[in-house]
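Single-structure report; data block below.
The values are calculated or read from the model by the stated rules, or taken from the named source; none is laboratory data. Bear in mind the structure is a predicted one, so any value in this text is a computation, not a measurement. Ideal geometry is used to build each Cβ from the backbone, glycine not excepted, and the neighbour counts take in all protein chains shown. Quick note on the areas: whole protein, heavy atoms, side chains included, nothing else; ligands and nucleic acids left out. Shrake-Rupley method; radii C 1.70, N 1.55, O 1.52, S 1.80 Å.
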Amino acid sequence: MPISVVIADDQEMVRMGFRMILESQHDIEVLDDVIDGRAALDAVARLRPDVLLLDIRMPGLDGLAVTRRLAELAAAHPEHGQRPRIVIVTTFDLDEYIHAALRDGASGFLLKDASPAMLVEAVRAAAVGDSLVSPAITVRLLRQMAPAAGRGRPARTPAEPLTEREQDVVRALAGGLTNAEIAGELFVSLSTVKTHLANVQNKLDARNRVEIAAWAWETGLVTGRT
C-alpha cells in the first residue's frame, strides 16, 4: 500500500508544489491538501493518513497546536489506533519551534528550502517510525545539546563496537548528510548506508537517526564538522 499523506499549509503554491513532488513517487499518495490547522484535524479524522505535513504559521490553529492536539488525542484515546506521523515543513527554524514540535512527537522538521528528495525521504522515514530533521538544524541542535548531555550522564555504550565503516557513516550522519549524500561521499550504495545505519541503531539501541547523531556528538566521534 502507498504511504498516504495529508498536506496542511495556508499557501496554495506550497501545497501544489508538495503535492506534485510527492505524487511523482510510486509509493506515496496525497489524500488531501488543506489550508489551516482545523481543516488538518478534520482531514486526519476523516482520512486517517499515514503522514501529515504541517506548516507552523497558519490562520486559526497553527501546526504546533495541531501536533500537540493529536498527541493529546492519542494519549486519551489509544483505542483509536496510531495517529499520523507528523512532519513539520516551515520557513521558520526558531529553536523554540523545533523543540516544541519534537517534544510533542513530530517525526520530522524540515525547512521549505529543503530539496524535493529530502521531502520525500522525510515522508518515507516518518511512515516507518523514523525521524528526519533538516541537516543544518540537526547539527545546530546537537552542538547545543551534546555538552549538557555529556555533563549529566555518560553516553550509552554500544552492545558491540562499531566497525570503521559504521563510524564513517555515523560521522557523516552527525555532520548533517542525508542517506543519499552519505552514499555519494563514501562511494557506496544507498542500501549499504541503510544497512550500516540499521546495524548501528541496533548496537546503540537507538530509536532513530537523531539519537545516533546525538551519540556521535556526545562521545566526540564528531566534533567540528558542518
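List of remarks:
- Some residue of segment 180-203 being more than 20 Å from S134 (Cα to Cα), acidic (D, E) and out of contact with any Phe, Trp or Tyr (no Cβ under 7 Å at 6 or more places or on another chain): no
- Applying the condition of being open to solvent by 50 Å² or more (accessible area, probe 1.4 Å) and under 30 Å from V120 (Cα atoms) to segment 142-166 and asking which residue is modelled with the lowest pLDDT yields M145.
- Counted residues, segment 93-102 - those being touching a Lys or Arg at 6+ places or on another chain (Cβ under 9 Å) and either among the charged types (D, E, K, R) or assigned to a loop (DSSP other than H, G, I, E, B) (or both): 2
- Any chance R46 is basic (K, R), surrounded by fewer than 20 Cβ atoms within 10 Å (Cβ to Cβ) and farther than 24 Å from I98 by Cβ: yes
- Candidate set from segment 56-109 (those that are basic (K, R) and under 18 Å from S131 (Cβ atoms)); member that is surrounded by the fewest Cβ atoms within 10 Å (Cβ to Cβ): R103
- Within segment 9-42, the residues that satisfy the criterion of being within 17 Å of D113 (Cα to Cα) and either of a type outside the set (A, V, I, L, M, F, W, C) or open to solvent by less than 80 Å² (accessible area, probe 1.4 Å) (or both) are D9, D10, Q11, E12, V14, R15, G17, F18, R19, I21, L22.
- Qualifying positions in segment 170-199 - of a type in the set (V, I, T), part of a helix (DSSP H, G or I) and within 18 Å of the chain's Cα centre (by Cα): V170, I182, V193
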